[in-house]
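The values are calculated or read from the model by the stated rules, or taken from the named source; none is laboratory data. Bear in mind that the values here come from a model prediction, so they are computed numbers and not experimental data. Methodologically, a virtual Cβ is constructed for each residue, glycine included, from the backbone with ideal geometry; neighbour enumeration extends over all protein chains shown. SASA here: full protein model, heavy atoms, side chains in, ligands and nucleic acids out. Shrake-Rupley method; radii C 1.70, N 1.55, O 1.52, S 1.80 Å.
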Amino acid sequence: MSATGTVTGQHVIVVGAGIAGLAAAHRLLQRGARVTVLEASDRLGGKLLPGEIAGVRVDFGAESMLARRPEAVTLAREVGLADRLQPPATATASIWTRGALRPMPKGHVMGVPGTAAALSGVLSDEGLARVERDADLPPTEIGDDVAVGEYVAARMGHEVVDRLVEPLLGGVYAGDAYRISMRSAVPQLFHAARTHTSLTQAVREIQSKATAARQTGPVFMGLQGGVGFLPLAVAASVEAGGGEIHTRVPVTALRRDPVRGWRVTAGERELRADAVVVAVPAPAAAALLAVASPEAAAELRTVEYASMALVTLAYRRGDTALPAGSGFLVPPVDGHTIKASTFASQKWGWIADEDPDTVVLRTSVGRQGETQILHKDDADLVAVSRHDLREATGLTASPLETRVTRWTDGLPQYPVGHHARVARIREHLAGLPGIAVCGAAYDGVGIPACIASADAAVDRLGGDLSTAARLMADPVQSLHGGAGE
Ligand SMILES: Cc1cc2nc3c(=O)[nH]c(=O)nc-3n(C[C@H](O)[C@H](O)[C@H](O)COP(=O)(O)OP(=O)(O)OC[C@H]3O[C@@H](n4cnc5c(N)ncnc54)[C@H](O)[C@@H]3O)c2cc1C
């Protein structure tokens, strides 16, 4: 085990089998722990969901992994998926703005440009002139944290926020740029902005550092068959390593054992563990921690979530002539219903290869504060998606098959002050040995960030358990033949 301590021989229960929980289980086994994963639903993977439409395999949840940080691709390799890693077939995308699909500009950090010229075509002439004024403005207060939209608008005007930053951030958080924390959501920009008066200069510094670090490989990676296979492969590896994974086992309570370790209530059973990793969304974590740490639970209850739906449509290729590129983003300011569309068959070579005669694309609808649309039934969501696709791309064909996947409370929101809230949660839990939290509610919503938070949780437990004696008595009850079957 690492310098942070050992978990060898300890029994650790992981609550939640999304990518964070499964990554934690994988890491714990590598470090010699005995692991039991308890998952409430009937399937593994949480927000990662592989499936099929018109006979073609696709993702119905998350579909790509940031490759500029190592955690997701490293985990994929560790669980035998190296051969299935695939970068997008195209790196170009569009933005549906001011009445037309326009090429997504290059040379920006989350929509914030290094030069006004980089946004030519996307912004109006007045919008571009306003971006240029950034260089001449006095410093803008950034403080301990600031909303991305507020800060960028103060430096460069609202147009760049509304037409570029908002749709790009929305693509990650389904949230509101004027509420999302710059410190948590775009930390590079936050730190660079603190040391430069001009925001364009801060962006150029980030860009030159990236060039110096030779960050030239693909920015994103997918997996042949879908990134939804990542948690399934991690789970297979966990089971092959002797870990137990049980679905349909909602954990309802966690209590500290008066002697040592934790008591975990799952249905009618009570299990004992030396340590617990809580890898569930914030509301569920709040419920589980309510007794052990009412303070942490109270903080967790304040985490807000955005809901959204994905509409996946399959077409006969002969009926479908899409613009080039991987799809397009849609600034909410233009009043369209869809927020983005991914041309899955153009973005991922493996989807095109699976069935060259079928074209799969998807749209997303709904974001924080925009839930009305999600009350519509599936047929209506398909209809509004087809309407917007027709307007944006001219696509009029009837789909072969459609599928609506609803992600209610799918994405935690990181408003201003999120980092401080997470620090408080961790401080409250620091007084409780043998418990750690991980997942999308803390250090980033993307797959690599969730995996990193799982690694950090395991490190935390290693530190706790290496100072505690093992739980020798009362061997853990097996769930075999019980609730987990
Ligand atoms: C539609 C959508 C698209 C996305 N696209 C991308 C993308 O392309 N790339 C990217 O990097 N990220 C993407 N994300 C974000 C990313 O997929 C998620 O943030 C991440 O998968 C969350 O993983 P997690 O393990 O933290 O949580 P979850 O996936 O939510 O897993 C938590 C698990 O805990 C279980 N659980 C809850 N309560 C209990 C309980 N009491 N007992 C036992 N189990 C419980 C749940 O059933 C669930 O399986 C997307 C998210 C959404 C919603």
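Rounded to the nearest 5, the antiparallel percentage of DSSP beta bridges internal to the chain is 75%. Give me the Kirkwood hydrodynamic radius of the stretch 49-104 in Å, from all C-alpha pairs, to one decimal place? About 14.1 Å for the stretch 49-104. In sequence order, the stretch 26-37 has phi-based couplings of 4, 5, 4, 5, 4, 9, x, 7, 8, 10, 10, 9 Hz under the Karplus curve 6.51 cos²θ - 1.76 cosθ + 1.60, θ = phi - 60°, and Gly or Pro positions carry x. Counting pairwise Cα distances across the stretch 278-331, what percent come out greater than 15 angstrom? When every Cα pair of the stretch 278-331 is considered, 67 percent fall beyond 15 Å. Once C-alpha pairs closer than 8 Å and six or more residues apart are averaged by separation and normalised to the residue number of the chain, the relative contact order reads 25 percent. Remark: relative contact order (the stretch 274-342) = 17 percent; criterion is Cα-Cα distance under 8 angstrom and separation of 6 or more residues. Based on the convex hull around the alpha carbon atoms, the stretch 76-173 presents an average projected area of 8.8 nm². For the stretch 241-373, the calculated P(r) over all alpha carbon pairs, in 10 Å bins from 0 to the bin holding the longest distance, is 10, 25, 19, 20, 19, 7, 1 percent.
Scattering from the stretch 392-460 was approximated by placing one identical point on each alpha carbon and applying the Debye formula without solvent; log10 I(q)/I(0) at 0.22 1/Å stands at -1.02. Could you estimate the translational diffusion coefficient of the stretch 89-137 from the Stokes-Einstein equation, with Rh from the Kirkwood formula over C-alpha pairs, at 20 °C and 1.002 mPa s, in whole µm²/s? Translational D for this selection: 185 µm²/s.
Per-residue SASA remark: residue 427, around 130 Å² accessible (1.4 Å probe; ligands, DNA and RNA not included). Ordered from largest to smallest accessible area (heavy atoms of protein chains, 1.4 Å probe), the residues 244, 52, 166, 126 come out as 126, 52, 244, 166.
In whole angstrom, the stretch 133-227 maps to an equivalent ellipsoid with semi-axes of 25, 18, 12, each derived as √(5λ) from the alpha carbon gyration tensor and ordered largest first.
Across the stretch 149-202, Cα-Cα pairs more than 18 Å apart make up 25 percent of the total.
Principal semi-axes of the equivalent ellipsoid, √(5λ) from the alpha carbon gyration tensor of the stretch 319-369, are 25, 11, 9 Å from largest down.
Amide H to amide H distances under 5 Å link residue 137 with no residue, where only residues 5 or more positions off or on other chains count and H is placed in the peptide plane. With the convex hull of its Cα atoms as the shape, the stretch 206-275 has an orientation-averaged projected area of 9.4 nm². Along its first, second and third principal axes, ordered by size, the stretch 161-306 spans 58, 40, 28 Å in Cα coordinates.
Checking the cross-link pairs 47/347; 47/106; 106/339; 47/339; 347/376; 106/376 against a 25 Å limit on the alpha carbon distance flags 47/106; 347/376; 106/376 as lying beyond it. Report the Stokes-Einstein translational diffusion coefficient (µm² s⁻¹, integer) for the stretch 1-79, Rh taken as the Kirkwood radius over Cα pairs, at 25 °C with viscosity 0.890 mPa s. Reported coefficient: 171 µm²/s.
Counting heavy atoms of the protein chains alone, residue 373 has an accessible area of about 20 Å² for a 1.4 Å probe. With the whole protein complex present, residue 110 retains an accessible surface near 50 Å², based on a 1.4 Å probe.
When each of the peptides 79-88, 198-207 is scored by the mean number of other C-beta atoms lying within 10 Å of its residues, the order from highest to lowest reads 198-207, 79-88. Sequence-ordered 3J(HN,Hα) estimates for the stretch 183-190 from the Karplus curve with 6.51, -1.76 and 1.60 and θ = phi - 60° stand at 4, 8, 8, 9, x, 4, 5, 4 Hz, glycine and proline given as x.
Residues whose amide H falls under 5 Å from that of residue 35, counting only those 5 or more places apart or on a different chain, are 12, 244, with hydrogens built in the peptide plane. Here the chain is described by how far its Cα atoms reach on the three principal axes: 73, 56, 43 Å, from widest to narrowest. As an equivalent ellipsoid, the stretch 1-148 spans semi-axes of 42, 24, 15 angstrom, where each value is the square root of five times an eigenvalue of the C-alpha gyration tensor, largest first.
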